[in-house]
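Asker: Okay, handing you the structure first.
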Amino acid sequence: MKKLVALVLCLMMMAAFTASASALTVAFSQIGQESDWRTANTDDLCKAIEAEGWTLVYDDAQQKQENQIKALRNFISQGVDYILFTGVVTTGWDEVLKEVNEAEIPLILVDRMPDCADEIEYAAAFGGDFTEEGRRMGFWAGNYFKSIGRGEEEINAVILEGTTGATAATERTNGILEALQNFPNIKVIASQTGNFTRAEGQPVMEAWLKAYPDIDLVLAENDDMGLGAVAAIKAAGKVPGKDIIVVGCDAVKVAFEAIVAGEMNATIECTPLYSRFVVDCIKRLEAGETFGRDVLHPEEFVYDAEGGIAYNAEGDKLSIKAGDVIDERLY
Ligand code: GYE
């Protein structure tokens, strides 16, 4: 009898949980559509939310902070159940995120963290470790030049930075510069934003190729800009991947294709596939669980033409050959 009561109670709880979970409204303030990474991130999250039967309220801010602030205020007035938020830039979110807190809408921080994270309440935080990604770019490049016998040669590097003021850009730049301290032969001769887009990365590289005839290495803070650099290098009559080494970040499919074709040399993974985390997180929050304040990072790797290049300080993390895994890539 006791067992039966327990079973009935359990079924009732499950039904209540399913009913409340299925009636959820999840709002997502997305930055824009600047890159392949962003497109994959939007598709993955939006499809997963809808697949759960939840109502999705999606806003594309088109790279404008004021649009994101407006969207967040709209989400509050609509009384949504959850807000997913990534900030186009790092600063300037204090006021509006406090309003989200006052409205008691659970906030899930994804991707780029705001600098006011310590002063606000949030239910969970998930995204890439951008400083570590930058370090990996630097370590991979330094060790790659060593591996081809150019460890003592003076290497001229340029950095194509992401969107100015974006956490993903600032932290990747910091990580790159930190790692390059271990390779005194690599000199950064220019560093400028390409706004995380191919269209803006390419002309920056074109201008550099005119100004500096002897660039050896491009560190592009995302693959789109890396591919823009590849196009600029070709247009200048040089061979990308050989005359100039090109390192990207994100590990999108087109970068794998460029690596296999020999035009790009490496890409540092930053997965845009957040849906497994976000959906699971919302279900667990609904069930009363809580998450800590740490930003949770996915496990990520580095891919290149041959594999076997160390990309961390200890030298025990080795790149994977892109050609071996290209067919399994999901984005
Ligand atoms: O690397 C870039 C995108 O914030 C991690 O933004 C994201 C970055 C990603 O546009 O391609």
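The values are calculated or read from the model by the stated rules, or taken from the named source; none is laboratory data. Quick caveat: nothing in here was measured; it's all calculated off a predicted structure. All Cβ positions, even for glycine, are placed from backbone atoms using ideal geometry, and neighbour counts span all protein chains on display.
Residues checked against (1) more than 22 Å from the chain's Cα centre (by Cα); (2) within 25 Å of PHE196 (Cβ to Cβ); (3) in the same structural domain as ALA157 (by TED's automatic domain parsing):
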position: LYS234; (1), (2), (3): yes, yes, yes
position: VAL252; (1), (2), (3): no, yes, yes
position: PHE256; (1), (2), (3): no, yes, yes
position: VAL279; (1), (2), (3): no, no, no
position: ARG293; (1), (2), (3): no, no, no
position: GLY315; (1), (2), (3): yes, no, yes
position: ILE320; (1), (2), (3): no, yes, yes
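Asker: A further question on this structure: Within region 234-264, take every residue that is in contact with a Phe, Trp or Tyr (Cβ under 7 Å, 6 or more places away or on another chain) and crowded, with 24+ Cβ neighbours inside 10 Å and give me the one that is farthest from ILE309 (Cα to Cα).
Answerer: This residue is VAL252.
Asker: Could you pull out the residue among GLY142, GLY128 that is in contact (Cβ under 8 Å) with a residue 24 or more places away in the chain, more than 14 Å from the ligand (Cβ to nearest atom) and closer than 30 Å to ILE268 by Cβ?
Answerer: GLY142
Asker: Is it the case that TRP140 is modelled with pLDDT of 95 or more, in contact with a strand residue (DSSP E or B) (Cβ under 9 Å, 6 or more places away or on another chain), assigned by TED's automatic domain parsing to the domain that holds ALA199 and of a type outside the set (A, V, I, L, M)?
Answerer: For TRP140, the condition - modelled with pLDDT of 95 or more, in contact with a strand residue (DSSP E or B) (Cβ under 9 Å, 6 or more places away or on another chain), assigned by TED's automatic domain parsing to the domain that holds ALA199 and of a type outside the set (A, V, I, L, M) - is met.
Asker: Could you please give the count of residues in region 33-65 that are at positive phi and out of contact with any Ser or Thr (no Cβ under 9 Å at 6 or more places or on another chain)?
Answerer: Final tally of qualifying residues: 1.
Asker: So, restricting to strands (runs of 3 or more DSSP E) that lie completely within region 184-303, which ones have at least 1 residues that are among the β-branched types (Val, Ile, Thr) and either at pLDDT below 95 or away from the ligand (no atom under 13 Å from the Cβ) (or both)?
Answerer: 186-193, 217-220, 245-250
Asker: Restricting to region 149-188, and then to whatever is farther than 14 Å from GLU133 by Cα and among the basic types (Lys, Arg), can you tell me which residue is farthest from the chain's Cα centre (by Cα)?
Answerer: ARG150
Asker: Okay, moving on. Has region 85-94 got at least one residue that is in the same structural domain as GLY165 (by TED's automatic domain parsing), of a type in the set (Phe, Trp, Tyr) and closer than 27 Å to GLU300 by Cα?
Answerer: For region 85-94, residues in the same structural domain as GLY165 (by TED's automatic domain parsing), of a type in the set (Phe, Trp, Tyr) and closer than 27 Å to GLU300 by Cα: absent.
Asker: Looking only at region 73-93, count every residue that is exposed (fewer than 15 other Cβ atoms within 10 Å of the Cβ) and within 28 Å of THR197 (Cβ to Cβ) and tell me the total. Steps first, please.
Answerer: Going through region 73-93, the residues exposed (fewer than 15 other Cβ atoms within 10 Å of the Cβ) turn out to be 73-74, 77-79, 91.
Those left that are additionally within 28 Å of THR197 (Cβ to Cβ): 73-74, 91.
Adding up the residues that qualify gives 3.
Asker: Separate question: Taking region 55-73, which residues are away from the ligand (no atom under 15 Å from the Cβ) and without any contact (Cβ under 8 Å) to a residue 40 or more places away in the chain?
Answerer: Keep residues of region 55-73 that are away from the ligand (no atom under 15 Å from the Cβ), which gives 55-59, 66-67, 69-73.
Scanning region 55-73 gives THR55, LEU56, VAL57, TYR58, ASP59, GLU66, ASN67, ILE69, LYS70, ARG73.
Asker: Could you please find all residues in region 112-140 being among the aliphatic types (A, V, I, L, M) and out of contact with any Leu (no Cβ under 6 Å at 6 or more places or on another chain)?
Answerer: MET113, ALA117, ALA124
Asker: Scan (1) touching a Pro at 6+ places or on another chain (Cβ under 9 Å); (2) more than 27 Å from ASP36 (Cα to Cα) for the single condition PHE126 breaks and write down its number.
Answerer: (2)
Asker: Give the number of residues within region 97-113 that are more than 16 Å from the ligand (Cβ to nearest atom) and not charged (D, E, K, R).
Answerer: Within region 97-113, the first condition is being more than 16 Å from the ligand (Cβ to nearest atom), and the residues that meet it are 97-107.
Now drop any that are not not charged (D, E, K, R), which leaves 97, 100-101, 103, 105-107.
Qualifying residue count, region 97-113: 7.
Asker: Restricting attention to region 37-52, does a residue exist that is among the charged types (D, E, K, R), in contact with a Pro (Cβ under 9 Å, 6 or more places away or on another chain) and more than 16 Å from the ligand (Cβ to nearest atom)?
Answerer: no
Asker: Now a separate question. In this structure, does ALA231 turn out to be without any contact (Cβ under 8 Å) to a residue 60 or more places away in the chain, of a type in the set (A, V, I, L, M, F, W, C), surrounded by fewer than 20 Cβ atoms within 10 Å (Cβ to Cβ) and more than 24 Å from ARG172 (Cβ to Cβ)?
Answerer: Details: without any contact (Cβ under 8 Å) to a residue 60 or more places away in the chain: yes; of a type in the set (A, V, I, L, M, F, W, C): yes; surrounded by fewer than 20 Cβ atoms within 10 Å (Cβ to Cβ): yes; more than 24 Å from ARG172 (Cβ to Cβ): no.
In short, no.
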